[in-house]
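Coordinate-derived values only; no laboratory data. Predicted model only: the values in this text are computed from it and were never measured. Here Cβ is always computed from backbone atoms with ideal geometry, including for glycine, and neighbour counts include all displayed protein chains.
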Ligand SMILES: [Zn+2]
């Protein structure tokens, strides 16, 4: 993830963005918040849906399992993670 203030890289699992309460950039110490980039989410929705349909079809044909029902939540979560962006924290 990229800091919106200083463009410094912050690891996804960094303690700086995984703690409770206000979050601060470890580089410039400016307040940051995690948000979903809904525009990116909408753009990625179609390719993810195609991948989902392809995997679900493959899984059903290859393994004859109903495990396809787990793909929805997994891909949905992956889509949200990919769409997550850091933004300046404007809360008081
Ligand atoms: Zn920063």
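Numbers at a glance
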item: Among 35, 72, 19: highest mean-square fluctuation, GNM of the chain, C-alpha pairs under 10 Å; result: 19
item: Tilt relative to the chain, helix 38-63 - C-alpha long axis, 0 to 90 degrees, to 10; result: 30 degrees
item: Kirkwood Rh, Cα atoms: Rg over Rh of the chain; result: 1.14
item: Pairwise centroid distance, computed over Cα atoms, of the range 26-62 with the range 74-92, Å; result: 10 Å
item: Efficiency of FRET from Cβ geometry, residue 91 and residue 12, R₀ 25 Å, rounded to 0.05; result: 0.70
item: Relative contact order, percent, the chain [alpha-carbon distance under 8 Å, six or more residues apart]; result: 36 percent
item: Angle between the chain longest axis and helix 68-83 axis [Cα atoms, degrees, rounded to 10]; result: 30 degrees
